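Student: Here it is: the structure, laid out below.
Every number in this text was worked out from the coordinates using simple rules, so none of it is lab data. Since the structure is predicted, the reported quantities are computational estimates derived from the model, not experimental observations. Neighbour counts run over all protein chains shown; Cβ positions are idealised from the backbone, glycine included.
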Amino acid sequence: MATAQLLSSSSVLHHHRSFISCTTTPPIMTSPPPNSPPDTSDGGLLDVQHDMDALRRFDGQYWRALFDSRVGTTRWPHGSGVWSKKEWVLPSIDDADIVSAFEGNSNLFWAERFGNQFLNMDDLWVKHCGISHTGSFKDLGMTVLVSQVNRLRKLNPRSIVGVGCASTGDTSAALSAYCASAGIPSIVFLPANKISMAQLVQPIANGAFVLSIDTDFDGCMKLIKQITAELPIYLANSLNSLRLEGQKTAAIEILQQFDWEVPDWVIVPGGNLGNIYAFYKGFKMCRELGLVDRIPRLVCAQARNANPLYRYYASGWADFAAMKAETTFASAIQIGDPVSIERAVYALRNCEGIVEEAGEEELMDAMALADSSGMFVCPHTGVALTALMKLRRNGTIAAGDRVVVVSTAHGLKFTQAKIDYHSGRIPEMACRHANRPVSVKPELGAVMDQLSKLLSHTR
């Protein structure tokens, strides 16, 4: 269409190297100025910069109408929740090079019962990003990254021999699926014995070359960066700015699902911290291009066992220190040295953002409560819900506020954690909301006795 032709070259990467690789982790500023953008100098993370003047040739009403016209269509590639915003993501790529599973367009669930029963709120929503092709929000970014790799390999088949990532589970699942779809080899570094079997089987089933390494995520991340610096393997972790271009569309989608009304708060679980910046970037673009007149306040929720951002925030942004992440049921955010720390701080400081934490029992209890109200969420969503519950108790979030909690993965990836919780098999955890099966003899009288007890408690 005319818009795509006009904007065909309106987005470029800040540095050409981003097309083929990413630089190393940025130096951490101990007290960055509030309005300072993330460092993109040598050694800093790269960022996609769009030609905002070209995009402003069309007003906010035009963009709203264009994006709305593509929702639910089967037209390639605009039926995807990501590529329906192609002009804002990667406009120069040919449609034939795009690798997509029509990701995005995920359910924005009105958590009416959970909000009313546990928080005295009636405007609570859960953005189920885990209802996606591989069961997590990582699909949103991976479609962009693998599409660009597909394009580069067509231009020069020898330029990239494969795509690699370090992963706590969900990234490897998304990478392996999209690479398999395009016939691109994928290489996955996983921390041994630290992810669920449901997560491990996904890259294996999709044909990835999987290395199980006796270290944590941060150790895997260090190794994959060294490998991709030596071999023509494209790095797929979230320090690659292309992934964030896809992930930012979830923010745009939230506004779209609210008929372009802005929620008061959006709560996002945080590990490697690229996602909190991606949400900020999506909301900020919508404001700058006139689709909305403000952006919501963001909350980044971390597990207490892996909370370097929370500690930094609690210090008044005075001193950042990486940490050795301890084991957490929220395994995908078990990261002690996040590569996008500077991006996250920039985003939070520019939207009056907050960082909160959740202990292991808190996050598992919150997950159980959410499930009891009709959802089936992951432990990371339990972290975000715990943050919400704390902010409601201390009055930061009001009863009448419109709040969106981002659910990052499908609960089916974490069934063992749920089984252990409801069986009461987690050491030093009360599992106070466990729903244990009742054993009963195969006799009518025995069954009736149990049903009578149940009914007496429900009257």
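Student: Provide the packing ranking of 257-263, 62-68, i.e. peptides ordered by the mean count of other C-beta atoms within 10 Å per residue, highest first.
Tutor: 62-68, 257-263
Student: Right, next: Taking amide H positions as placed in the peptide plane 1.01 Å from N, state which residues far from residue 99 in sequence (5 or more) or on other chains have amide H under 5 Å from it.
Tutor: HN-HN under 5 Å from residue 99: 147.
Student: So what are the ³J(HN,Hα) numbers for the stretch 68-82, from phi and the Karplus equation (6.51, -1.76, 1.60; θ = phi - 60°), rounded to whole Hz, Gly and Pro as x?
Tutor: Computed from phi, the couplings for the stretch 68-82 are 5, 5, 9, 5, x, 7, 9, 6, 6, x, 6, x, 6, x, 7 Hz.
Student: Okay, moving on. How much FRET efficiency would the formula 1/(1 + (r/R0)^6) give for residue 372 and residue 193, where r is the Cβ-Cβ distance and R0 is 35 Å, rounded to 0.05?
Tutor: Efficiency, rounded to the nearest 0.05: 0.70.
Student: Here is a further query. Can you compute the modelled spin-label distance between residue 412 and residue 322, with each label point 7 Å from Cα toward Cβ, in nm?
Tutor: 3.6
Student: Tell me, what ³J(HN,Hα) does each residue in the stretch 450-455 have, in order and in whole Hz, if you take phi through Karplus 6.51 cos²θ - 1.76 cosθ + 1.60 with θ = phi - 60° and put x for Gly and Pro?
Tutor: 5, 5, 5, 4, 4, 5
Student: At 10 °C and 1.306 mPa s, grab the translational diffusion coefficient of the stretch 346-459 from Stokes-Einstein with a Kirkwood Rh over Cα pairs, rounded to a whole number in µm² per second.
Tutor: The diffusion coefficient I find is 96 µm²/s.
Student: Now, a different point. First obtain the Kirkwood hydrodynamic radius of the chain from its Cα pairs, then insert it into the Stokes-Einstein equation at 25 °C and 0.890 mPa s, and state the resulting D in µm² per second as a whole number.
Tutor: 109
Student: Okay, moving on. Multiplying the sequence separation of residue 227 and residue 447 by 0.36 nm and subtracting their Cα-Cα distance, what value in nm do you get?
Tutor: Net length gain for the segment: 73.1 nm.
Student: Highest mean first, what order results for 268-275, 117-124 on Cβ atoms within 10 Å?
Tutor: Output ranking for 268-275, 117-124: 268-275, 117-124.
Student: Additional query: How big is D for the stretch 175-240, in µm² s⁻¹ as a whole number, if Stokes-Einstein is applied with the Kirkwood radius of its Cα pairs at 25 °C and 0.890 mPa s?
Tutor: So the translational diffusion coefficient is about 198 µm²/s.
Student: How much length is gained on full extension from residue 108 to residue 56, taking 0.36 nm per residue of separation minus their Cα-Cα distance?
Tutor: Extra length from residue 108 to residue 56 when fully extended: 15.9 nm.
Student: With the convex hull built on the Cα atoms of the stretch 133-221, state its orientation-averaged projected area in nm².
Tutor: Result: 5.4 nm².
Student: Non-local amide H neighbours of residue 162 (under 5 Å, H modeled in plane, Pro and chain starts lacking H): which ones?
Tutor: So residue 162 has HN proximity to 234.
Student: With respect to the cross-link table entries 127/453; 85/324; 324/418, which display a Cα-Cα separation exceeding 32 Å?
Tutor: Long pairs (Cα-Cα over 32 Å): 127/453; 85/324.
Student: Let me ask something else. With no solvent and one equal point scatterer placed on each C-alpha of the stretch 226-276, evaluate the Debye formula and give log10 I(q)/I(0) for q = 0.24, 0.28 Å⁻¹, two decimals.
Tutor: For the stretch 226-276 at q = 0.24, 0.28 Å⁻¹, log10 I(q)/I(0) is -0.97, -1.10.
Student: Now, a different point. Taking θ = phi - 60°, what integer Hz values does the Karplus form 6.51 cos²θ - 1.76 cosθ + 1.60 yield along the stretch 364-378, in sequence order, with x for Gly and Pro?
Tutor: Listing the rounded values in order: 6, 5, 5, 4, 5, 5, 4, 4, 5, 9, x, 8, 8, 9, 8 Hz.
Student: Show me 167-178, 44-55 ranked by packing, highest mean number of other Cβ atoms within 10 Å first.
Tutor: So the order, starting with the most tightly packed, is 167-178, 44-55.
Student: Follow-up. Cα to Cα, under 15 Å, and not fewer than 8 places away if on the same chain: which aspartates and glutamates meet these conditions relative to residue 248?
Tutor: Correct list for residue 248: 47, 87, 103, 139, 288.
Student: Let me ask something additional. Using modelled backbone amide H atoms (1.01 Å from N, in-plane), which distant-in-sequence or interchain residues come within less than 5 Å of residue 47's amide H?
Tutor: 14, 15
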